[in-house]
Amino acid sequence: MDVKILEQKENPLLDRVEVVAELSFPKANVPSREAVIGRLSALLNADRDRFVLREIKTTYGETRAIARARVYETVEIAKKVEPEFILKRNKLIGEEGNE
């Protein structure tokens, strides 16, 4: 999977960086959320725990997708800002809503 950062915007009000990236995956399935987060965290030199992957959008039949992610200064800030379902999806909290 190839990843190209299209946009990287600093949001000081919410202590985060908002990232839009293009994913290319020729002759393969859409990459998993974990694979995308791992690749983006390596590109941006950030801890995986501070990443929140909001969405991966694909178009039927294409071998590329657009991913939108947010990188917070701390995990605590992410837990205050993001909705519970997003935190569960990104495995920042457990299924019961606990840490």
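FYI, it's all coordinate maths here, none of it is from the lab. All values derive from a computational prediction rather than experimental measurement. So basically every Cβ, Gly included, is an ideal-geometry build from the backbone, and we count neighbours across all protein chains shown.
Compute the acute angle (0 to 90°) between the alpha-carbon long axis of helix 33-44 and the principal axis of greatest extent of the alpha-carbon atoms of the chain; round to the nearest 10°. Tilt of helix 33-44: around 80 degrees. The candidate values were (i) 45; (ii) 50; (iii) 55; the one computed from these coordinates for percent of Cα pairs over 18 Å apart carries the label (i).
The value of relative contact order for the chain, using C-alpha pairs under 8 Å at least six residues apart, is 26 percent. Ignoring lysines fewer than eight residues from Lys4 along the same chain, the ones with Cα atoms less than 17 angstrom from its Cα are Lys57.
Loop only per DSSP, at most 11 neighbouring Cβ atoms within 10 Å: give me the GluC sites (Glu not before Pro) in the stretch 7-72, ordered by residue number. For GluC sites (Glu not before Pro) across the stretch 7-72 that sit outside H, G, I, E and B with at most 11 neighbouring Cβ atoms in 10 Å, the list reads Glu62. With R₀ fixed at 22 Å, the C-beta to C-beta distance from Ala42 to Lys80 puts the FRET efficiency at about 0.25.
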